Amino acid sequence: MRALTWQGRRDVRVETVPEPVIEQPDDVIVRITSTGICGSDLHLYEVLGPFLEPGDVLGHESMGVVEEAGPDVDALAAGDRVVIPFNVSCGTCFMCSQGLQSQCETTQVRAYGSGAAFFGYTKLYGQVPGGQAEYLRVPFGNTLPIKVPDGPADDRFVFLSDVLPTAWQAVEYAAIPPGGSVTVLGLGPIGDMATRIAQQRGAGLVIGVDLVDERIERASAHGVKCLDLRRRKKDLGDAVRALTDGRGTDSVIDAVGMEAHGNPMTKAAQWATGLLPDALAQPLMEKAGVDRLAALYAAIDLVRRGGTVSLSGVYAGAMDPMPMLRMFDKQLQFRMGQANVRRWVPDILPLLTDEDPLGVDTFATHHLPLEEAPQAYAAFTAKQNGMIKTLLRP
């Protein structure tokens with residue numbers, strides 16, 4: 001089959017690899033019909049190379065049709081249409097029963113002290129082959145795949161794999177009061193969707209911050225009060241407080257994460273670490289890694305006293321310095337973590353079955369063949385061609 005493989009920093013290639021087969025009695029094989037490129041895929045493209053090996057198949061935002069089901073699978077059959085959550089979770093352990101599928105005890109990657117395994121990610125999360133491919137082996141066939149109805153195009157449902165539950169959890173964790181205010185840092189796919197969900201759930205003021213024209217225009221068209229970071233870099237906090245009676249917003253969602261703009265010294269250190277041999281780079285990143293924290297520091301500044309900061313952007317630094325005095329003095333609450341996809345599906349799915357209040361049908365800006373994935377990764381990294389969300393068609 002054809003699949004997108006990692007070969008090195010900024011080097012991904014579509015190659016012919018062996019097709020997956022049933023390995024466990026409850027496995028299913030899914031023929032992929034749509035698979036997204038996620039912002040966290042760019043972490044693999046740029047930063048996390050020491051935890052990858054050439055030939056690893058990428059991708060964790062996939063849906064398709066069941067081709068084959070193992071003998072113990074009775075919840076699905078060949079021909080069923082399914083979305084695959086990015087967490088590889090069993091659905092039956094203690095953590096899954098608590099709605100914490102990202103911490104699944106069956107698939108935790110204990111060798112690295114990590115939570116549940118992911119599709120198409122690094123050794124830190126199980127090195128499970130991903131879905132930017134023609135076929136995908138999916139374990140836990142009775143409990144992991146999300147069965148969706150026939151009819152609407154893939155765009156209606158594919159974002160259940162990651163974007164929708166990640167944005168939903170970001171808003172849930174933000175604890176925005178009824179009619180309250182929230183600032184969303186970063187208007188990429190997760191941030192953009194978080195603004196829509198916040199509005200749908202009753203937020204009175206949604207402020208979005210970005211520095212890419214197409215993202216700002218897109219969010220503004222959905223009623224978000226947008227601030228251009230290029231013009232507000234030195235007075236962003238003052239601009240947000242001017243819109244909120246001098247306080248700051250009730251909540252802030254950081255949808256940017258480790259690769260925020262700013263702090264060129266940290267960026268240079270990340271790049272230099274990535275150039276080291278894996279035997280040196282891996283322990284350095286595990287024990288002394290630092291992130292670019294401009295977005296997180298901004299969140300701490302922008303949120304009102306007693307407010308909540310919700311982190312959905314990925315951070316991976318083991319030694320990130322935090323302004324504890326400021327956080328304590330402002331009496332802030334923080335919630336964070338990888339999205340627990342299955343936990344939020346019952347809340348989201350009713351919004352996808354009839355009408356389209358979140359605009360998922362037109363959410364993707366690009367639809368490309370799988371063979372064009374390397375060019376898409378490069379364009380997404382460079383924020384070119386108006387690319388905000390790309391779906392690949394194997």
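What the table shows:
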{"read-out": "Residues that are among the polar types (S, T, N, Q) and not in a helix (DSSP H, G or I), drawn from segment 95-112", "value": "Gln98, Thr106, Thr107, Gln108"}
{"read-out": "Matching option when the condition is of a type outside the set (Gly, Ala, Ser), in a helix (DSSP H, G or I) and open to solvent by 50 Å² or more (accessible area, probe 1.4 Å), among Arg342, Arg335", "value": "Arg342"}
{"read-out": "Number of positions in segment 68-99 that are within 28 Å of Cys38 (Cα to Cα) and touching a Ser or Thr at 6+ places or on another chain (Cβ under 9 Å)", "value": "14"}
{"read-out": "Filter result (crowded, with 20+ Cβ neighbours inside 10 Å and assigned to a strand (DSSP E or B)) within segment 350-394", "value": "Thr390, Leu391, Leu392"}
{"read-out": "Conditions (1) β-branched (Val, Ile, Thr); (2) crowded, with 23+ Cβ neighbours inside 10 Å; (3) without any contact (Cβ under 8 Å) to a residue 60 or more places away in the chain; number of the one not met by Thr16", "value": "(2)"}
{"read-out": "Matching helices (runs of 4 or more DSSP H) fully within segment 206-279 where at least 2 residues are modelled with pLDDT of 95 or more and of a type in the set (A, V, I, L, M, F, W, C)", "value": "213-221, 236-242"}
{"read-out": "Residue satisfying all of: in segment 1-13; in contact with a Phe, Trp or Tyr (Cβ under 9 Å, 6 or more places away or on another chain) and under 18 Å from Phe118 (Cα atoms); most open to solvent (accessible area, probe 1.4 Å) among these", "value": "Trp6"}
{"read-out": "Residue satisfying all of: in segment 174-201; in contact with a helix residue (DSSP H, G or I) (Cβ under 7 Å, 6 or more places away or on another chain) and in a strand (DSSP E or B); surrounded by the most Cβ atoms within 10 Å (Cβ to Cβ) among these", "value": "Val184"}
{"read-out": "Candidate set from segment 280-323 (those that are in a helix (DSSP H, G or I) and charged (D, E, K, R)); member that is modelled with the highest pLDDT", "value": "Asp301"}
{"read-out": "Residues (over 20 Å from Tyr125 (Cα atoms), in contact with a strand residue (DSSP E or B) (Cβ under 6 Å, 6 or more places away or on another chain) and open to solvent by less than 10 Å² (accessible area, probe 1.4 Å)) located in segment 62-82", "value": "Met63, Gly64, Val66, Val82"}
{"read-out": "One residue from Gly91, Gly59, Gly39 being part of a loop (DSSP other than H, G, I, E, B) and either touching a Pro at 6+ places or on another chain (Cβ under 7 Å) or free of Cβ contacts under 8 Å to residues at least 60 places away in the same chain (or both)", "value": "Gly39"}
{"read-out": "Residue within segment 304-317 that is open to solvent by 50 Å² or more (accessible area, probe 1.4 Å) and touching a helix residue (DSSP H, G or I) at 6+ places or on another chain (Cβ under 7 Å) present", "value": "no"}
{"read-out": "Residue selected from segment 216-241 under the condition more than 23 Å from the chain's Cα centre (by Cα) and open to solvent by less than 20 Å² (accessible area, probe 1.4 Å), by the criterion nearest to Val360 (Cα to Cα)", "value": "Val240"}
{"read-out": "Within segment 149-173, considering residues that are part of a loop (DSSP other than H, G, I, E, B) and not charged (D, E, K, R), the one farthest from Gly313 (Cα to Cα)", "value": "Gly151"}
{"read-out": "Residue ID - farthest from Cys93 (Cα to Cα), chosen from residues in segment 120-139 that are open to solvent by less than 40 Å² (accessible area, probe 1.4 Å) and in a loop (DSSP other than H, G, I, E, B)", "value": "Gln132"}
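Yes or no, residue by residue, for (1) charged (D, E, K, R); (2) assigned to a strand (DSSP E or B); (3) in contact with a helix residue (DSSP H, G or I) (Cβ under 8 Å, 6 or more places away or on another chain):
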site: Trp6; (1), (2), (3): no, yes, yes
site: Ile22; (1), (2), (3): no, no, no
site: Thr33; (1), (2), (3): no, yes, yes
site: Val65; (1), (2), (3): no, yes, no
site: Ala75; (1), (2), (3): no, no, no
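The values are calculated or read from the model by the stated rules, or taken from the named source; none is laboratory data. Since this is a predicted model, take the numbers as computed values, not measurements. Neighbour counts run over all protein chains shown; Cβ positions are idealised from the backbone, glycine included. When the accessible area is computed, the model is the full protein with side chains, heavy atoms only, and any ligands, DNA or RNA have been set aside. Shrake-Rupley method; radii C 1.70, N 1.55, O 1.52, S 1.80 Å.
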